[in-house]
1. How many residues, within the range B:403-440, are surrounded by 22 or more Cβ atoms within 10 Å (Cβ to Cβ), assigned to a strand (DSSP E or B) and of a type in the set (A, V, I, L, M, F, W, C)?
2. Enumerate the pairs (first residue in the range B:257-273 and in contact (Cβ under 8 Å) with a residue 40 or more places away in the chain; second residue anywhere and surrounded by 24 or more Cβ atoms within 10 Å (Cβ to Cβ) and basic (Lys, Arg)) with beta-carbon separation below 9 Å, excluding pairs fewer than 6 apart on the same chain, so at least 6 apart or on different chains.
3. Given the residues A:142, A:171, which is the only one that is crowded, with 24+ Cβ neighbours inside 10 Å, modelled with pLDDT of 95 or more and not in a loop (DSSP other than H, G, I, E, B)?
4. Here is a check on your reading of the model: is residue A:186 surrounded by fewer than 20 Cβ atoms within 10 Å (Cβ to Cβ), within 29 Å of residue A:379 (Cβ to Cβ) and out of contact with any strand residue (DSSP E or B) (no Cβ under 9 Å at 6 or more places or on another chain)?
5. Determine, yes or no, whether residue B:90 is crowded, with 20+ Cβ neighbours inside 10 Å and over 30 Å from residue B:407 (Cα atoms).
6. Criterion first (free of Cβ contacts under 8 Å to residues at least 40 places away in the same chain and closer than 20 Å to residue B:33 by Cα) does residue A:283 satisfy it?
7. Any chance you could count how many residues in the range A:307-354 are within 28 Å of residue B:117 (Cα to Cα) and either free of Cβ contacts under 8 Å to residues at least 40 places away in the same chain or surrounded by fewer than 24 Cβ atoms within 10 Å (Cβ to Cβ) (or both)?
8. Scan the range A:110-128 for residues that are under 13 Å from residue A:302 (Cβ atoms) and in a loop (DSSP other than H, G, I, E, B) and jot them down.
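The values are calculated or read from the model by the stated rules, or taken from the named source; none is laboratory data. Keep in mind that this is a model prediction, so the values were computed, not measured. Cβ: placed from backbone, ideal geometry, glycine included. Neighbour counts: every protein chain shown.
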Amino acid sequence: MAINSTGRPTTPADNQSIAQDVKTFSGSRGLLQAEPLLFEVGATDKCGVDLPRVPEHKTRLGGLERKDAIGLPGLSEPEAMRHYVRLSQRNYAIDLGLYPLGSCTMKHNPRLNEKLARLPGFADVHPLQPQSTVQGALALMGELSRWLCAITGMEAVALSPKAGAHGEWCGMMCIRAALADRGELAIRRRVLVPESAHGTNPATAAECGFEIDELPADATGRVDMQVFTDKIGPDVAAIMLTNPNTCGLFERDIREIADLIHEAGGYFYCDGANLNAIMGKTRVRDLGVDAMHINLHKTFSTPHGGGGPGAGPVVLSKRLSAYAPLPYLVRDGDQWQLIEDDAQSQEKPFGRLCAFHGQMGMFTRALAYMMSHGADGLRQVSEDAVLNANYLLARLSDEMSPAFDGACMHEALFDDEFLKNTGVTTLDFAKAMIDEGYHPMTMYFPLVVHGALLIEPTETESRESLDRFADTLLALAKAAKAGEQAKFTNAPVLAPLQRLDETQAARHPVLRWRET
Amino acid sequence: MRYLPLNEGDRTAMLARIGVSSIDDLFADIPAETRLDDLIEGLPKHATEMSVERDFTALSRQSLSAGQAAFYCGGGAYRHHVPASVDHLIQRSEFLTAYTPYQPEIAQGTLQTLFEFQTQVAQLTGMGVANASMYDGSTACAEAVRMAARITRRNKCILAPGLHPHYGQTVHTSATGNSIEVTALPPAMGQDAQMLDVLDDDTACIVVQNPNVFGELVDLQPLADAAHAKGALLIAVTTEIVSLGLVKSPGEMGADIVAAEGQSIGNGLNFGGPYVGLLACRDDRKFIRQAPGRFAGETVDASGRRGYVLTLSTREQHIRREKATSNICTNSGLCTLAFTIHLSLLGELGLRKLAALNHARACALADRLGAIDGIEILNTGFFNEFTLRLPGNAAQIVETMAQNGVLGGIPASRIFGAGRFDDLLIVAITETNTDEDDTAFEAALRGAL
């Protein structure tokens, strides 16, 4: 044992095997502090906010004063800091490591964007202030629109959708309005959706009142053109196609798909979740798209925040731009103006999507990202994202089984063939990655591949980071094949918690804390 | 480019490992006639951090921000003070840069805060359970209507005359594809009982806002009783969630579903978004099964330790696809975190005091403005927002006041459309206003009349 000059041992004894079984009195484990629920640490008479004295007044509540105990616990500021900092340490995050969730585009979130979103001219303005007093904020929305239209080549953009799925809904409602305008809504009931689509696509089409008709994938992971051609007909309203698709592949026949759907009188909705792969390499207008939402929280780096907020502006072709929802932005001389109701509108808006005009906080961040990259940087983003994914595809193919032959776009898809007869499932493999310090990839999606593992590294990973990740996955794959089943089926053992019982959670839902 | 780690050496080596000679080989599937050879037209090249910051700062200065003015705007978005610790905590990398908690073993931070959030929302609204958030109050309202239609298997919905018109329009849009028939009563104050005239056995729900869009407080109980007698549900809408520190909760007044805007707690004005939609309902399997969005639920891990997971996902789009209760996926994660942190700093004691402070300031302002010749306060009961009848066009008066550094409320015509209530001004006041603000407001208003 190495000893330093004061006699203190400087290397640990070999105690790896017992580390996992150590039980502590406090429940904490070294840097990982135990933390109960807010309701177990707070108290209703504690408060972490000092407020001024309430002036004398006679209440004017019309007899509706709240008299019951609400039960909300409070914390002083130091207690609150500890509670939330301790909880934060139970989360994986991009800032901690590679986060290869396919289709989710977990890229670095620049901190400049956080700073700029907090400037008072964007963060501390009210959505209904006189428009003359918010020209700077409106100008920013105008500039964002200009960038989005330039990148996609499209005619117009609807900014108000609050997330990708909200954007899908907006785009499909534009299509619905256009069909109604043509008097064909009653006939055109069917929307074609590839089975590899995100679940939001069929859910959206259903919310708009359409019937969903699924399109299978062909052997190369793309839309089966024979089936597509057969399904096209006078009752088809639209196709909802993700491109690049969720297998990480560019739909080679996209021009033909667009032409066929247009010839049949339908519209082409493109799910833009994967725009990150093609910015500056092609324009969706040239691909024949009529409407596409853009996830600002994917391609344009606004933080995912543990599940939002997002933003899903929708770019529209000339055929659909008149139907964009209220409110929308126009330039009137040297002034920006929001058109907020039908009486002001010269167009045919299908309605209103939400109370105000969208996710301003995401607009600022996304525009800062775009301006930082510029036209050259955005193209480089797509190239590096695709390069990184193909590099992983090439390296991981040594031990894992790619779902399809050939190059991929921004994400690499594997199936569970390489785990055959190992007793290890895709889920087990993913959980073992947690022990190795990685967030798993997207699992069991898309549905067209058995036991899918969908890996999207994004452009903000270095080669060293990709190599470490690949080395780890290759080692895991070898271990699975070598019969080290327990390493997988018990995983994770080094995370804050082991596998959670999701069946119990669903069968006996406990959705809130209650005093016992 | 500061955000891109690869250098040319990396790129060359990686292309070699892949086995292609140029990056364009990887884009070969893009139809040749649609490939872009040059940079995107009309856009500048990359910019330094300094230069982007300069451009944004210049744009920011072109707006009159609330902090620079005496500020009295509400109408669905309110300016409250958010403690510095809230913004600090939500910017911690582990919260800010995490995805939806799909891997619960390494997402307990997000999941436990969601569970705490759900509990707080349930307590605040007086309801059994709450979900993990919607986009905002208006979309929560639209989802609540569809939820009520599924629960009752009826397709008629009645909107109260005091519902925020943007909320009503959002419900209309959402109903379009879902065969829900929406009856919106003409906007009015104190006319909520009119809904009962159109309430019938086909009615799925009535939607009532409290405080309503004019700031007037509404007793939901008689409306809930009437709705329930017909087998319909009452959806209670609240755009100013701080009111629940002082005003009887929708749960206590018989609401079945609550759809609310949570922006007031933890979240800034942000020119309309992002905000945080709250959706709460009765603790009833039938309701929960038909609810939109996500729920965090308690369970145990393999060694018996307490933990949290996303649960009841068979309602959701990624499992049910076209049969899902909603297409919502990404919601308002980080805004829920800001909400839950701010509310845990306040606690019951702080929330009640905050609400009392808002109300006290509103009472004093109402007295002050009501004393101006020609101005009439229309409300009988209110929380922190009320409506004035002005002897002139409210939009023009607001414009004139703005030129004097006073953002003096929302002209009703701004949200109801010109030609309707042109003389009504909706005024909101919070703890952020000072006596000096009130004096400036009164002077500007007198000057603009």
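1. The number of residues fulfilling the criteria is 7.
2. Short answer, once both residue conditions are applied: B:264/B:79; B:268/B:79; B:269/B:79; B:273/A:162.
3. A:171
4. Considered against the rule, which asks whether it is surrounded by fewer than 20 Cβ atoms within 10 Å (Cβ to Cβ), within 29 Å of residue A:379 (Cβ to Cβ) and out of contact with any strand residue (DSSP E or B) (no Cβ under 9 Å at 6 or more places or on another chain), residue A:186 comes out as no.
5. Numbers: crowded, with 20+ Cβ neighbours inside 10 Å: yes; over 30 Å from residue B:407 (Cα atoms): no.
In short, no.
6. no
7. So the answer is 1.
8. Passing the criteria: only A:110.
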